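Working notes, structure below.
The values are calculated or read from the model by the stated rules, or taken from the named source; none is laboratory data. Just so we're clear, the structure is a prediction, and the values are computed from it rather than from any experiment. Counting neighbours? That spans all protein chains shown, and the Cβs are built from the backbone with ideal geometry, glycine included. With ligands, DNA and RNA removed, areas are computed over all heavy atoms of the protein, side chains included. Shrake-Rupley method; radii C 1.70, N 1.55, O 1.52, S 1.80 Å.
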Amino acid sequence: MPVHTDYLWFHTKQPQEFIRITEEVAAIVSASGVQEGMVLVSAMHITAGVYVNDWEDGLISDFQTWLEKLAPRGLPYKHHQTGEDNGDAHLKRTIMGHQVMLPITAGRLDLGPWEQVFYAEFDGQRKKRVVVKVMGE
Amino acid sequence: MPVHTDYLWFHTKQPQEFIRITEEVAAIVSASGVQEGMVLVSAMHITAGVYVNDWEDGLISDFQTWLEKLAPRGLPYKHHQTGEDNGDAHLKRTIMGHQVMLPITAGRLDLGPWEQVFYAEFDGQRKKRVVVKVMGE
Amino acid sequence: MPVHTDYLWFHTKQPQEFIRITEEVAAIVSASGVQEGMVLVSAMHITAGVYVNDWEDGLISDFQTWLEKLAPRGLPYKHHQTGEDNGDAHLKRTIMGHQVMLPITAGRLDLGPWEQVFYAEFDGQRKKRVVVKVMGE
C-alpha cells in the first residue's frame, strides 16, 4: 500500500486569506500513483484551517463576515496575556475545521460538482504549512 | 488492502431534513468485507453535512433552532448576488461538519452506545449524494 | 497493512474538562509499529469532542467562555424533555469537533510545532471512551 506525504507552504500577504488549493492537492494525489484511497489535508498550524465549500467570492466574504461575528477580533481574550493577539484566529479556525479527508477514486479526487478545497489563514504574514498525506492502493 | 466505494443518494421533500444513515453505512461496510479499517462518509454537496450525534427528535430540533440562531436564513448574504438564496445553508453545514471517519473493528462499525450517523440537508428538494469509502483489510 | 486499535478511558471530576492526550496517542502509534499512515482519534460519546489546538491555559479558558456564549447551558432545550439536562454539551462538542485524523510520518505523529491533541469533555463525571485507530504500513 503506497503512502505518500507532501506539504504545501503558505506565506500570505494579509493576516486573513482564503486560498483555493484543489489543484495542488490533486497534483499530489496524481504524483502518488494511488488509484483508490483517501488523502488527508490538514493545517499544521493552529490559527489556520482547511475546509471544503464553494469557490465563489461572495460566499467567501460571507464566511469572513460571519466568523467575525461569531469570534470577533480584539476582544480581551485571556490568551493575549501571553503576548499573543490572535485569540480570535484560534476560534475562527475551529469553526471552519482544521482538516479534511478527500476520497480518491480511479486515480482522481472524488469530489462533487461544487466541492473545492480551501486553506483558510487567520493569522498570516508568516510561513505556514499544510500536510497532505495520501493512502490507498 | 480492499478499498470499497459506494454512494448514498438523497432527495428530501423539505428544504431542511436530518436523516439517520447509520444502517446504510453499516451495510456498505458489511458488503466491503473489510474487518479492520475505517470508512469515510462525506457529503458531496456544499449545503449538506454529515455528523455523528444522538438519535433523539428533541435534540435534532434543538440543533435546527440553534443553527438558525447562529446562521440565520434570509440575511442579505453576498452569495445571493449570484442568484442563489442559500447562503445560510453553506454556513450551517460548516457548523455541523461535512464528513466523518468511522472506525471498523471486527467487521463492524465501532461506535459508542449513542453514536448515530446523520445526513444533514440544508438546501434540499433536489438530488444529492454522499460518498462512502471503506479502507482496511 | 497493520491496523491497530486501542481505547482511551476518561472519568473526569468536573462536568467540563479539557485534557491533553498527545502523548497517549503517540504511545499508541508507537506500539502499533506503523511507520507511514494515519491515526483516527474519535470520541465515542456524543457530549465529548476531540480537537487539535494550542496547549495554553488562557486559550483553553477562552474556548470555554466562547462555547458558553455560543451554546449556553441551562436553556430550555427540547432534549431536556427526555429527562436529560445536557443539551448544551451536544452543541458544544459539535463546535469543537468530535474527531481528528493525525498523520504518521517516519513512525511518529507528524504534527506542527504547536499542535496538541485534546479530549474535550462537556458532560463528565462518568466513564467515557475515545477510540484510537492506527492504519498504515
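Points to keep in mind about this one:
- Complete set of residues in the range B:44-75 that are touching an Asp or Glu at 6+ places or on another chain (Cβ under 6 Å) and of a type in the set (Ser, Thr, Tyr): B:Thr47
- Residues considered: A:Arg129, A:Arg73, A:Arg93. Of these, the only one that is more than 14 Å from chain B (Cβ to nearest Cβ), more than 21 Å from C:Glu36 (Cα to Cα) and either of a type outside the set (Gly, Ala, Ser) or touching a strand residue (DSSP E or B) at 6+ places or on another chain (Cβ under 8 Å) (or both) is A:Arg73.
- Unique match (being touching a residue at least 12 places away in the same chain (Cβ under 8 Å) and closer than 21 Å to B:Met96 by Cα) among C:Gly87, C:Gly37, C:Gly33: C:Gly87
- Looking across the range A:65-77, the residues that are buried (at least 17 other Cβ atoms within 10 Å of the Cβ) and outside any loop (DSSP other than H, G, I, E, B) come down to A:Trp66, A:Leu67, A:Leu70.
- Filter result for A:Phe122 (within 30 Å of B:Trp9 (Cβ to Cβ) and more than 10 Å from chain C (Cβ to nearest Cβ)): no
- Hits in the range C:29-44 - residues which are among the β-branched types (Val, Ile, Thr) and either closer than 24 Å to B:Trp114 by Cβ or open to solvent by 10 Å² or more (accessible area, probe 1.4 Å) (or both): C:Val39, C:Val41
- Listed by first and then second residue, the pairs linking a residue in the range B:45-61 that is open to solvent by 10 Å² or more (accessible area, probe 1.4 Å) to a residue that is at pLDDT below 95, with Cβ atoms under 8 Å apart and 6 or more places separating them unless they lie on different chains, form an empty list.
- Among the residues of the range B:1-27, just one is surrounded by 21 or more Cβ atoms within 10 Å (Cβ to Cβ) and over 26 Å from C:Leu91 (Cβ atoms), namely B:Val3.
- Across the range A:76-90, the number of residues qualifying as facing chain C (nearest Cβ under 7 Å) and touching an Asp or Glu at 6+ places or on another chain (Cβ under 9 Å) comes to 6.
- Qualifying residue in the range C:12-24 (condition: closer than 29 Å to B:Val41 by Cβ, facing another protein chain (nearest Cβ under 7 Å), outside any loop (DSSP other than H, G, I, E, B) and at pLDDT 95 or above): no
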